[in-house]
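Asks: Handing you a structure now.
The values are calculated or read from the model by the stated rules, or taken from the named source; none is laboratory data. Just so we're clear, the structure is a prediction, and the values are computed from it rather than from any experiment. Cβ: placed from backbone, ideal geometry, glycine included. Neighbour counts: every protein chain shown. Side chains included, ligands, DNA and RNA excluded: accessible areas come from the protein's heavy atoms. Shrake-Rupley method; radii C 1.70, N 1.55, O 1.52, S 1.80 Å.
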Amino acid sequence: MRAIRRFTVRASLPEPLAGLRALATNLRWTWHPPTRDLFASMDDELFRRVRDPLRMLLAVPSTRLEELAGDEGFLARARAATDDLDRYLTEERWYQRRPDAADAPAAIGYFSLEFGVHEALPNYSGGLGVLAGDHLKAASDLGVPVIGVGPLYRSGYFRQALSLDGWQVEHYPVIDPSGLPLERLTEPDGQPVLVRVAMPRNRQLTAQVWKARVGRVPLLLLDTDIDANDEDLRRVTDRLYGGDADHRIRQEILAGIGGMRAVRRYCELTGHPQPEVFHTNEGHAGFLGLERAREIIDGNGVGFDEVLAAVRAGTVFTTHTPVSAGIDRFPVDLVQHYFGDGRLLPGLDLRRILALGAEDNPGMFNMAHMGLRLAQRANGVSALHGRVTRRMFCRLWPGFDADEVPITSVTNGVHGPTWVARELTALLGGKDMKNSSWDAPDASAMPVPSRRGVSDERLWAVRRDLRQKLVAEVRRRLRDSWSQRGASALELGWVDGVFDPDVLTVGFARRVPTYKRLTLMLRDPERLRALLLDDDRPLQIVVAGKSHPADEGGKALIQQMVRFADDPAIRRRLVFLPDYDMSMARYLYRGCDVWLNNPTRPLEACGTSGMKSALNGGLNLSIRDGWWDECYDGSNGWAIPTADGISDPLRRDELEAAALYDLLGQQIAPLFYDRDAAGVPKGWMSRVWHTLDTLGPRVQASRMVAEYVENCYQPAARTVAEASRDSYAGAKSLAGYRTRIDTVWRKIRILDTELTVEPPEDLVVGNEVRVRAHLDLAGLDPSEVEVQAVVGRVADTDDLHEPVAMPMTPAGEGEFGAVLKLPHAGSLGYTVRILPRHPLLASPAELGLVIHA
Ligand SMILES: *Cc1c(COP(=O)(O)O)cnc(C)c1O
């Protein structure tokens with residue numbers, strides 16, 4: 001028999017245990033070991049199986065609950081835990097104590113199509129979602145008032161299994177939100193909060209809203225699987241990345257527009273301050289800016305241009321991929337279908353909406369372009385990715401060099417308390433970190449691992465312990481996978497001999513798009529085999545990763561890997577584990593000695609798994625891409641040389657794979673197996689310590705969130721305040737300025753320029769030169785433009801390299817002048833340019849307007 005409907009009945013807790021519910025429903029337990037210990041102490045054996053406090057409360061027999069209700073020791077520990085949670089939720093933390101806390105945003109809406117907080121809430125597919133989860137957790141630790149917003153998927157992302165011949169098999173277990181650490185938002189009358197967005201043909205999409213508590217941060221999740229919806233609309237939130245473009249645009253409309261309405265209602269109902277700044281995590285959630293525009297038009301009688309200025313001021317857009325295929329684009333017809341009848345966003349002109357997503361192909365609507373046009377502040381996720389992104393989108397700022405495109409970068413980070421092994425925290429954390437781990441209230445005092453007094457031997461022993469735990473997990477998962485593929489227990493005796501807790505362990509786990517090159521290590525199978533089976537210095541490799549269900553090419557790569565791993569001659573040393581998710585990832589990051597990453601440079605925007613490995617003392621072996629490009633320092637791991645200039649991909653793979661084998665065989669394995677009398681690899685340990693010391697603080701999500709606060713949220717809140725004060729006077733002024741310069745800009749001229757050296761002909765680096773320019777500003781006031789003298793190197797062409805710009809000041813009728821130091825020796829050139837200037841512009845390049853001499 002099959003159930004037609006599922007529901008979860010809450011446990012009834014004896015009164016003295018009532019406080020446990022607050023502990024179980026706040027996901028802080030996922031990064032707070034003492035809370036987990038408390039639940040484990042209810043029934044150790046049971047907790048090892050269910051691993052989730054909420055399910056624990058359902059699973060513990062009522063007789064045991066009664067017993068605990070009378071156990072003074074347990075009750076005291078439970079009280080201490082709830083007190084600790086209360087303190088964590090209410091005390092002032094880093095954000096409240098900053099010097100400029102006074103005009104910091106009262107709340108920030110963080111929108112994402114996926115959130116990976118914990119496997120107990122399977123609402124993510126991979127890195128993007130886990131990053132969003134880590135963002136919320138770090139925001140919570142720092143006291144940053146973020147509200148997370150996104151869809152709740154009934155089947156999350158797919159679960160991966162393997163067929164006997166190694167082909168990926170997908171299945172989609174249905175989740176029941178009432179059994180998850182979620183609570184339904186309700187109106188004062190007890191009815192569910194419902195959020196509505198208009199659909200074509202007079203229909204309506206309705207969603208209920210669930211709230212997860214991620215420490216201090218509320219995470220609002222929209223769910224359309226309710227009776228109020230037509231059958232097809234119920235399925236809008238069925239799966240993550242599961243459908244066609246139509247399914248996808250509905251999800252994005254729900255997340256952006258419905259998400260905005262959900263936040264508004266949530267704040268009205270709870271008294272939580274309304275967000276002033278909105279962060280779009282990837283283009284998917286970008287429709288939120290349109291809903292913001294509708295709100296402002298609706299209440300203030302201002303036009304679209306004014307509104308645009310106000311919306312842009314308060315929006316931060318983070319792009320996460322330099323792969324053009326990774327950018328969300330919809331056929332214009334489809335956008336027209338949803339927005340065309342004007343019911344979805346009353347007051348917004350379809351043509352203005354379409355213009356926001358315009359790209360080279362007139363038939364497509366580009367969500368990244370809309371993201372950039374709706375956000376005054378935009379960033380990539382590593383320094384290298386910032387550079388690549390500026391080049392990728394420089395056409396939106398014609399006339400500017402790629403370096404000047406106003407897209408910055410904030411390098412991703414990972415949430416230490418979530419990812420660092422408890423064993424390691426206990427060893428390195430000192431007394432403050434022992435239990436409450438790394439969630440210090442202060443980013444600058446963020447505890448970082450400290451080696452004070454800890455010997456190589458002790459750290460090595462912990463590393464071995466973690467490797468040993470990984471080996472046990474590998475065997476367990478491999479056995480499950482083989483049983484699932486049809487093997488009987490009798491045939492699986494060999495699984496107990498898989499992996500060895502004393503062998504150098506390499507991990508490679510990630511999604512399987514082509515650019516990540518899952519099978520690069522198989523380029524020369526004989527060389528790999530020789531490394532794995534070396535008598536004295538063997539390697540073992542654990543591989544995992546899911547392929548997008550529609551990506552047959554990716555599945556073929558997985559199959560190739562699985563077939564290689566199935567070979568009885570090497571299966572002891574190389575395994576492919578199906579169903580990579582956070583629960584598996586944890587073991588891999590903690591237990592691997594080397595974390596391998598070999599994308600095609602520069603297509604990995606950041607990569608975060610290597611950061612999680614580094615925090616546990618793993619050494620990265622990676623192409624210099626994403627974060628590793630800025631963090632590799634020569635002794636915290638290894639860089640695989642890239643064959644950047646080589647355009648033939650096969651040749652490139654061959655060269656890079658050869659370099660990989662060389663590093664593994666000639667440097668990494670020898671260092672790992674070079675032991676002192678006590679069996680400790682001294683040289684290896686010095687790299688491990690160096691990694692913990694130098695990368696420990698840098699790769700933390702708290703560092704990332706603090707950067708977002710200081711460089712994005714806080715400046716955005718200030719601009720919003722200026723733009724919206726006095727009935728949007730600032731926004732009106734900026735919109736008026738734009739209209740005015742649009743008409744006169746073409747008439748502005750640089751009539752002549754002059755560069756003089758003093759003393760004459762003394763061109764020595766560091767000396768000063770005077771630049772003068774005579775301009776016709778076509779009626780603009782000198783204060784309305786920024787005039788710059790730019791000096792840079794010139795080579796064969798007159799293009800300026802390493803330009804240095806210096807503002808010029810008005811010096812009489814139509815005259816501007818500046819004195820600047822010669823920045824470089826060698827052949828230099830100079831020019832003069834005019835840029836727009838307005839107090840509400842975040843960068844002079846923002847409007848994409850410039851006049852060159
Ligand atoms: C961190 C993480 C990722 C992201 O790893 P990348 O290095 O960015 O590929 C993917 N999946 C899970 C489960 C993670 O924890």
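Asks: Mind checking which pairs have a first residue in the range 577-600 that is away from the ligand (no atom under 12 Å from the Cβ) and a second that is part of a helix (DSSP H, G or I) and of a type in the set (Gly, Ala, Ser), Cβ under 6 Å, 6 or more apart or different chains?
Replies: The qualifying pairs are Pro578/Ser481.
Asks: Same structure, new question: Count, please, the residues in the range 607-625 that happen to be open to solvent by 10 Å² or more (accessible area, probe 1.4 Å), within 11 Å of the ligand (Cβ to nearest atom) and assigned to a loop (DSSP other than H, G, I, E, B).
Replies: 2
Asks: Kindly list the number of the only condition in (1) out of contact with any helix residue (DSSP H, G or I) (no Cβ under 6 Å at 6 or more places or on another chain); (2) surrounded by fewer than 15 Cβ atoms within 10 Å (Cβ to Cβ); (3) part of a loop (DSSP other than H, G, I, E, B); (4) at negative phi that fails for Ile646.
Replies: Unmet for Ile646, out of (1) out of contact with any helix residue (DSSP H, G or I) (no Cβ under 6 Å at 6 or more places or on another chain); (2) surrounded by fewer than 15 Cβ atoms within 10 Å (Cβ to Cβ); (3) part of a loop (DSSP other than H, G, I, E, B); (4) at negative phi: (1).
Asks: Take the residues in the range 134-149 that are farther than 23 Å from Thr224 by Cβ and within 15 Å of the ligand (Cβ to nearest atom); name whichever of them is surrounded by the most Cβ atoms within 10 Å (Cβ to Cβ). Can you show your working first?
Replies: First, pick out the residues of the range 134-149 that are farther than 23 Å from Thr224 by Cβ: 134-135, 137-146.
Subset that is within 15 Å of the ligand (Cβ to nearest atom): 134-135, 137-138.
Numbers: Asp134: 30, His135: 28, Lys137: 29, Ala138: 32.
Among residues in the range 134-149 that are farther than 23 Å from Thr224 by Cβ and within 15 Å of the ligand (Cβ to nearest atom), the one surrounded by the most Cβ atoms within 10 Å (Cβ to Cβ) is Ala138.
Asks: Another one. Would you check if there is a residue in the range 778-793 being open to solvent by 70 Å² or more (accessible area, probe 1.4 Å), closer than 18 Å to Leu751 by Cα and modelled with pLDDT of 90 or more?
Replies: yes
Asks: Could you say whether any residue in the range 515-522 is open to solvent by 40 Å² or more (accessible area, probe 1.4 Å), at pLDDT below 95, under 27 Å from the mean Cα position of the chain (by Cα) and among the hydroxyl-bearing types (Ser, Thr, Tyr)? Walk me through how you get there before you give the answer.
Replies: We begin by selecting, within the range 515-522, every residue open to solvent by 40 Å² or more (accessible area, probe 1.4 Å); these are none.
No - not one qualifying residue is present in the range 515-522.
Residues checked against (1) out of contact with any helix residue (DSSP H, G or I) (no Cβ under 6 Å at 6 or more places or on another chain); (2) free of Cβ contacts under 8 Å to residues at least 24 places away in the same chain; (3) open to solvent by 30 Å² or more (accessible area, probe 1.4 Å):
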site	(1), (2), (3)
Ala293	no, no, no
Ile296	no, no, no
Val307	no, no, no
Pro322	no, no, no
Ile327	no, no, no
Gly340	no, no, yes
Asn366	yes, no, no
Asn379	yes, no, no
Ser382	no, no, no
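Asks: Taking only pairs six or more apart or across chains, which ones have beta-carbon atoms under 6 Å, a first residue in the range 601-622 that is of a type in the set (Lys, Arg), and a second residue that is in a loop (DSSP other than H, G, I, E, B) and modelled with pLDDT of 95 or more?
Replies: The qualifying pairs are Arg601/Asp625.
Asks: Give Arg718, Arg687, Arg770 a once-over and let me know the one that is of a type in the set (Lys, Arg), over 30 Å from Glu813 (Cα atoms), touching a strand residue (DSSP E or B) at 6+ places or on another chain (Cβ under 6 Å) and open to solvent by 10 Å² or more (accessible area, probe 1.4 Å). Steps first, please.
Replies: On the way: Arg718 fails: touching a strand residue (DSSP E or B) at 6+ places or on another chain (Cβ under 6 Å); Arg770 fails: over 30 Å from Glu813 (Cα atoms).
One residue alone meets the criteria, Arg687.
Asks: What residue, of Leu152, Leu131, is closer than 30 Å to Phe287 by Cβ and either touching a Lys or Arg at 6+ places or on another chain (Cβ under 7 Å) or away from the ligand (no atom under 16 Å from the Cβ) (or both)? Walk me through it before giving the result.
Replies: Values: Leu131 fails: either touching a Lys or Arg at 6+ places or on another chain (Cβ under 7 Å) or away from the ligand (no atom under 16 Å from the Cβ) (or both).
Result: Leu152 is the single residue among Leu152, Leu131 that is closer than 30 Å to Phe287 by Cβ and either touching a Lys or Arg at 6+ places or on another chain (Cβ under 7 Å) or away from the ligand (no atom under 16 Å from the Cβ) (or both).
Asks: Further, regarding this structure: So Val506 clears everything in (1) farther than 26 Å from Glu423 by Cβ; (2) within 16 Å of the ligand (Cβ to nearest atom) except one condition, right? Which one?
Replies: (1)
Asks: I've got another one for you. Just to be sure, is Val195 outside any loop (DSSP other than H, G, I, E, B) and over 28 Å from Pro53 (Cα atoms)?
Replies: Working: outside any loop (DSSP other than H, G, I, E, B): yes; over 28 Å from Pro53 (Cα atoms): yes.
Spelling it out, Val195 is indeed outside any loop (DSSP other than H, G, I, E, B) and over 28 Å from Pro53 (Cα atoms).
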